[in-house]
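Have a look at the structure below, then the notes.
The values are calculated or read from the model by the stated rules, or taken from the named source; none is laboratory data. Being a predicted model, the structure only gives us computed values, none of them experimental. When we count neighbours, we look across all protein chains shown, and the Cβ atoms used for this are built from the backbone with ideal geometry, even at glycine. Just the protein is used for accessible areas: all its heavy atoms, side chains included, with ligands, DNA and RNA removed. Shrake-Rupley method; radii C 1.70, N 1.55, O 1.52, S 1.80 Å.
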Amino acid sequence: MTAVGASSHPQQRNWLWRFCQSILQPLFVIWNRYRVRGFEHLPTGGCLLLVNHQSFLDPLFAAAGLDRPVSYLARHNLFQVPVLGWILRNTYVMPIRREAAGTESIRLSVDRLQQGFYVGMFPEGTRGRGGVVGDIKPGFLAIARRVDVPIVPVGIAGADGVMPRGALWPRPAKICVVYGEPLEPALVKELTQRGREAEFAAMVRQRLQACVDEAERWRNGE
């Protein structure tokens, strides 16, 4: 089987993605009472999914409920690991090298977005704790400037309870995911102008926090 590349259809999951999803989705539903809402906010074309970060399982939680694939970035040395590398190559993951992480991640992400893929990123840059979104790192700004696609905030609640730091096995904590109202391309273009970076980061953090808060309320039965 050839690796996922430019010929892949951005709205159609390949057989490996479907197979993994057929296992993970019911597992999450049973083990973590996994729930997702906000599908009406997702565009038919490409978009940048900005997700809050609580655990290593966040990429799976953010994508498991979708009927199309999501591309993420991962260190290139992971692609050299037997079996894991093959899975990554064939589930839309993009390799980046440490020595060229900035420019390479921008180029790969822009290319996927222009093809019409969903690209997932974690703008906090590191895992946080609880339901508070941390400071937004500027890395995604360079991508947002280069593409004409909406940005969709994605809030995950409960992931830090499923896989907290130091945990060796996922715990049966409830997971709720909320896809928020998108920042449309016209607004993104306006806010990514030079000199407005702080304003844009603040808006992204506000929208992302609103999604996390909604997911937390839903998780708590409110």
| field | Solvent-accessible area, 1.4 Å probe, carbon plus sulfur percent, for the chain | value | 56
| task | Please calculate how many Å² of accessible area the chain carries per residue, with a 1.4 Å probe and no DNA, RNA or ligand atoms counted. | result | 50
| field | the chain - mean residue ellipticity at 222 nm from DSSP helices (-39,500 (n - 2.57) per run, n ≥ 4, rounded to 500) | value | -12000 deg cm²/dmol
| task | For the chain, with a Gaussian network of springs between Cα atoms less than 10 Å apart, report the residue from Q12, Q21, Q80 with the top mean-square fluctuation. | result | Q80
| note | Note: L168 to L187 extended length (0.36 nm per residue) minus current alpha-carbon separation gives 2.6 nm
| message | How far apart, in nanometres, would the label points at L84 and D213 be if each is projected 7 angstrom from Cα along the Cα-to-Cβ direction? | response | 3.8
| Taking every DSSP beta bridge that has both residues in the chain, what percent is antiparallel when rounded to the nearest 5? | 25
| Sequence-distant or interchain residues sharing an amide H contact under 5 Å with Y118, placed H: which? | C47, S71
| field | Size descriptor, Kirkwood hydrodynamic radius, that averages inverse alpha-carbon separations across the chain, Å | value | 17.7
| query | If you average the sequence gap of Cα pairs under 8 Å that are 6 or more apart and divide by the length of region 90-222, what percent do you get for the contact order? | reply | 27
| query | About its Cα centre, what dipole magnitude does the chain give when the only charges are +1 on Lys and Arg Cβ and -1 on Asp and Glu Cβ, stated in debye to the nearest 20? | reply | 540
| note | Summing +1 per Lys or Arg and -1 per Asp or Glu among the other residues with Cβ less than 13 Å from V110's Cβ gives +1
| query | Could you give the nm distance between label points at A74 and R18, where each point is 7 Å from its Cα heading toward the beta carbon? | reply | 2.1
| note | Between F56 and A202, the two model label points (7 Å from Cα along the beta-carbon direction) sit apart by a distance in nm of 3.7
| field | Cβ-defined net charge surrounding A64, 14 Å radius [Lys, Arg +1; Asp, Glu -1] | value | +4
| note | Candidate span helices, the chain: DSSP H, at least 18 Å along axis from Cα coords, Kyte-Doolittle average at least 0.0, result 15-32
